[in-house]
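Chemist: Take a look at the following structure, please.
The values are calculated or read from the model by the stated rules, or taken from the named source; none is laboratory data. Computed from a predicted model, the values in this text were never measured in an experiment. Every residue, glycine as well, gets a Cβ built from its backbone with ideal geometry; the counts of neighbours run over all protein chains shown.
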Amino acid sequence: MYRLKIVVEDVKGTCYAGYEKGDTIEVEDPVVKGKICIYALSALIPYITAVYRETPSDDWINAVEVLQCPDPQNTVRFRIIREK
């Protein structure tokens, strides 16, 4: 299993959860550190559950670099980084 670092890449508009560029969320089973917006989490969780474990190098999940929250007017983009 990997330790995940989720980094706010950019914010367009006003993030009502208060995210700013450079903010981080850390996931290391079973602990999550950092503030979590429930709307952003809905976009991140399917990817987090897949990228959290070892995947074949040619798996499509490895090509995903940036995800965004579902708010179309106040978009926050996140980069998920795997760390061993």
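Chemist: Provide a single number: the residues in segment 75-84 that are assigned to a loop (DSSP other than H, G, I, E, B) and in contact with a Phe, Trp or Tyr (Cβ under 7 Å, 6 or more places away or on another chain). Steps first, please.
Modeler: Residues of segment 75-84 assigned to a loop (DSSP other than H, G, I, E, B): 75, 84.
Going one step further and asking which of them are in contact with a Phe, Trp or Tyr (Cβ under 7 Å, 6 or more places away or on another chain), we end up with 84.
Number of matching residues: 1.
Chemist: Is segment 44-67 home to any residue that is surrounded by 15 or more Cβ atoms within 10 Å (Cβ to Cβ), touching a Phe, Trp or Tyr at 6+ places or on another chain (Cβ under 6 Å), free of Cβ contacts under 8 Å to residues at least 40 places away in the same chain and not small (Gly, Ala, Ser)?
Modeler: Yes, there is a match, as at least one residue in segment 44-67 is surrounded by 15 or more Cβ atoms within 10 Å (Cβ to Cβ), touching a Phe, Trp or Tyr at 6+ places or on another chain (Cβ under 6 Å), free of Cβ contacts under 8 Å to residues at least 40 places away in the same chain and not small (Gly, Ala, Ser).
Chemist: Just to be sure I understand, how many residues within segment 68-84 are in contact with a strand residue (DSSP E or B) (Cβ under 8 Å, 6 or more places away or on another chain) and in contact (Cβ under 8 Å) with a residue 60 or more places away in the chain? Steps first, please.
Modeler: Taking segment 68-84 first, the residues in contact with a strand residue (DSSP E or B) (Cβ under 8 Å, 6 or more places away or on another chain) are 68-69, 74-84.
From the residues that got through so far, the ones that are in contact (Cβ under 8 Å) with a residue 60 or more places away in the chain too are 74-84.
Final tally of qualifying residues: 11.
Chemist: Out of the residues in segment 71-84 meeting the condition of being more than 21 Å from ASP29 (Cα to Cα) and exposed (fewer than 11 other Cβ atoms within 10 Å of the Cβ), tell me which one is nearest to the chain's Cα centre (by Cα).
Modeler: PRO72
Chemist: Let me ask another. If I go through segment 1-15 residue by residue, how many of them are loosely packed, with under 15 Cβ neighbours inside 10 Å and more than 15 Å from GLN68 (Cα to Cα)?
Modeler: 2
Chemist: Scan segment 69-84 residue by residue and report those that are more than 23 Å from GLY13 (Cα to Cα) and at pLDDT 90 or above. Step through it out loud before you land on a result.
Modeler: Filtering segment 69-84 down to residues more than 23 Å from GLY13 (Cα to Cα) leaves 81-84.
Selection gives ILE81, ARG82, GLU83.
Chemist: Would you check which residues across segment 44-68 are farther than 17 Å from VAL8 by Cβ and assigned to a loop (DSSP other than H, G, I, E, B) and list them?
Modeler: Passing the criteria: TYR52, ARG53, GLU54, THR55, PRO56, SER57, ASP58, ASP59.
Chemist: Oh, and also: Kindly check whether there is at least one residue in segment 18-27 that is touching a residue at least 12 places away in the same chain (Cβ under 8 Å), charged (D, E, K, R), surrounded by 12 or more Cβ atoms within 10 Å (Cβ to Cβ) and within 19 Å of GLU83 (Cβ to Cβ).
Modeler: Yes - at least one qualifying residue is present in segment 18-27.
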